[in-house]
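Below: one structure, written as structure tokens.
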Amino acid sequence: MTHPRPPRKPSSPRTAAAPAHHKPVVVSEEAKEGLGWLHTARFLTSAGKIFQLPQGDMPEIAFVGRSNAGKSSAINTLAQQRQLAFASKTPGRTQLINLFSLGARDAPDAFLADLPGYGYAAVGRDKKLVWQKVMADYLELRRALFGVVLMVDSRHGFTPLDLQLMEFIAQRVRTGEVKLLVLLTKADKLSKREAQEAVDAAGAVLGGFSTEDSDIGVTLFSSLRRIGVDDAAEQLLAWKKAMPERVHFELPPMPEGEGGVDGGDGEDGDAQDDVA
């Protein structure tokens, strides 16, 4: 006679420990496979509104973050392509969602969505409201959304705007409908103690969104020093393997020039949060 299993307690977000200095680099087979998959990323299309995006059930992984959090650098580093996503000299310049395909050219596995950066104080209020509507609609309503990779500057932690964005996806994350990976960017600028404090602080915030059904991870990340690149690649590969089989999707014609487009993610200075 079998007995029902007791319900699981909500699990804490997975965290990657602060990197030890001078350790030999060992790349796992999962990381190699994940990086190989991400290297297939090709620019597909851009859209200013949700209805302009391809329809169907192709799983989408959205990269999102505050202007100057290092989103474009993270995408380029993970894809091992220098200019797949362009970093603008004027943070917050565009409100477009840029879509990339992952996998075989004629039979992709997933789409990667580069969402507009947010939180740049020099941008007018009207544009901010437009961006907020586009972001909210995509994160709350986009049926194909499978996972979100959120860039948070490790030196500052979650800002009010980061928490506002989290609320857009909170319900879908808690139910496990959407997976979440938080990259604590610019970790190369932290000491070992500061790095661990950043991970602990992020874990405390994410604990409020964690349930027995959620899939939440957090890791330190630096495009410059390649901190956390393998961890992120392993996690994204795990997402790929968990994706449902596609039934129907639209694939727009591939543009002649397959270079990246300006994602409006200026990364040379410090953007300011403006919650007004």
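The values are calculated or read from the model by the stated rules, or taken from the named source; none is laboratory data. Just so it is clear, the structure is predicted and the values come from calculations on it, not from any experiment. Counting neighbours? That spans all protein chains shown, and the Cβs are built from the backbone with ideal geometry, glycine included. All accessible areas refer to the heavy atoms of the entire protein, side chains included, with ligands and DNA or RNA removed. Shrake-Rupley method; radii C 1.70, N 1.55, O 1.52, S 1.80 Å.
Do you know which residues across the stretch 39-76 are part of a helix (DSSP H, G or I), open to solvent by 10 Å² or more (accessible area, probe 1.4 Å) and in contact with a strand residue (DSSP E or B) (Cβ under 9 Å, 6 or more places away or on another chain)?
Ile50, Gln52, Ser73, Asn76
Scan the stretch 144-167 for residues that are in contact (Cβ under 8 Å) with a residue 60 or more places away in the chain, open to solvent by less than 10 Å² (accessible area, probe 1.4 Å) and assigned to a helix (DSSP H, G or I) and report the count.
Looking only at that region, the number is 2.
Which members of the stretch 207-233 meet the condition of being more than 16 Å from Glu167 (Cα to Cα) and in a strand (DSSP E or B)?
Gly217, Val218, Thr219, Leu220, Ser222, Ile227
Name the residue, out of Ala198, Ala113, Ala170, that is in contact (Cβ under 8 Å) with a residue 12 or more places away in the chain and surrounded by fewer than 21 Cβ atoms within 10 Å (Cβ to Cβ).
Ala170
Considering Ser191, Ser210, which residue is surrounded by fewer than 23 Cβ atoms within 10 Å (Cβ to Cβ) and in contact with a Pro (Cβ under 6 Å, 6 or more places away or on another chain)?
Going through Ser191, Ser210 in turn, the sole match is Ser210.
I need every pair where a residue in the stretch 235-254 that is more than 24 Å from Ser46 (Cα to Cα) and open to solvent by less than 40 Å² (accessible area, probe 1.4 Å) has its Cβ under 7 Å from the Cβ of a residue that is modelled with pLDDT of 65 or more and of a type outside the set (A, V, I, L, M), sequence separation at least 6 or different chains.
Gln235/Gly217; Leu237/Glu30; Leu237/Glu33; Leu237/Gly34; Leu237/Trp37
Modelled with pLDDT of 95 or more and crowded, with 24+ Cβ neighbours inside 10 Å: does that describe Ala31?
When the stated conditions are applied, Ala31 does not pass them.
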